[in-house]
Ligand SMILES: *Cc1c(COP(=O)(O)O)cnc(C)c1O
């Protein structure tokens, strides 16, 4: 058996057909930036996530940078970010002109609840990351942040469709950032992102910043940039949203099989809470001290896996950082993502579980 970690060409025929129809429509319409599909996408997502305002943009990294800039965060400001995340979280802080301050993570890779000990007079914001689709305890985070007068920007790039107490990931913070990168649970056929907020004023600022600070044509009230979404991706995302619930159901079914078959193996830590509503089952990331050997073994048996992420941010030369990141570093050396996507077959999932068991009983 040959099982790729993720192969986006394995698309459901019904979705492929619907996307082709949309593509034809868009070719006839001839609108490739802005327009009806973009309004519809923002409206669809606001409704789906119960987010008062949503502003589409070019990608998730831009969404984070736009959020920071809209909040007036920049030079001389500090922003607390987890030490274990995709590079964008801290990169956006640097691009906005501010300084990332790294916080340790818990056993699941989420920012520790005592992040607030890092708050200084310069701290303006904290960016919780719902890593692998598992939500940070947002009620707690919001009350801590309120007490310290710190803004919260949720990096919900991996958590579209996760809900806590009925509220969507990305709708707790002052701004929530989404990514529609193709490999995310709700992925476009290219690059796209979005900011969510309940503040009309922030939404307006983000919209301006993403479109040359231009409220009406040829009037520029802010130095902005071009971070508009392509209409074609908005159009495709409108189609894909109709399939999203089914894809999520599929991810949960597969996660349940993994959990059942792989439980009870010593030195194998399974993801916590992946079947809960507050986890969107973006990645099925296991932890084991023999990670590299297991990865090679699976590869030899035709199974593709991925490492999210092999290096923690404070250890990268591009960030100057100090602190104690023992948990973060341990996770980066023991984490391994197994195939998990709506197109993975049950038989493939079975084979992966059997092969992992074989590795541990050799
Ligand atoms: C994917 C991702 C981003 C960035 O999204 P892009 O659309 O790829 O720019 C930001 N943060 C996290 C945690 C991500 O996984």
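Among 55, 253, the order by Cβ neighbours within 10 angstrom, fewest to most, reads 253, 55.
The value for the chain of Rg(Cα) / (2.2 N^0.38 Å) is 1.00.
Principal semi-axes of the equivalent ellipsoid, √(5λ) from the alpha carbon gyration tensor of segment 130-235, are 26, 20, 9 Å from largest down.
Dividing the summed -39500 (n - 2.57) terms of all DSSP H runs of n ≥ 4 by the residue count of the chain sets its mean residue ellipticity at 222 nm at -12500 deg cm²/dmol. Of all DSSP-defined beta bridges confined to the chain, some 60% are antiparallel rather than parallel. Take the Cα of residue 16, go 7 Å toward its beta carbon, and the backbone nitrogen atoms of segment 342-359 under 17 Å from that spot belong to 342-345. In percent, rounded to a whole number, the relative contact order of segment 1-118 is 16, using alpha-carbon pairs under 8 Å and six or more apart.
Relative protection proxy for 79-92, 26-39, from highest mean packing down: 79-92, 26-39 (other beta-carbon atoms within 10 angstrom). Across all Cα pairs in segment 214-343, the calculated P(r) in 10 Å bins from zero up to the longest distance comes to 10, 27, 26, 22, 11, 4, 0 percent per bin. Each label point was placed 7 Å from the Cα along the Cα-to-Cβ direction; for residue 265 and residue 244 their separation is 3.3 nm.
Taking a ≥ b ≥ c as the square roots of the eigenvalues of the alpha carbon gyration tensor, segment 88-148 is oblate, as a/c is not under 1.5 and a/b does not beat b/c. Neighbour counts of other Cβ atoms within 10 Å put 212, 174 in the fewest-to-most order 212, 174.
Of 122, 134, the sequence from fewest to most neighbouring Cβ atoms within 10 angstrom is 122, 134.
Taking packing as the residue-averaged number of other Cβ atoms within 10 angstrom, the listed peptides 181-194, 304-317 run from highest to lowest as 181-194, 304-317. Based on the Kirkwood approach, the hydrodynamic radius assigned to segment 1-124 is 18.2 Å, with every pair of different Cα atoms included.
Values in this text are rule-based calculations from the coordinates and carry no lab data. These numbers come from a predicted model, not from an experiment. For neighbour counting, all protein chains shown are included, and Cβ atoms are generated from backbone atoms with ideal geometry for every residue, glycine included.
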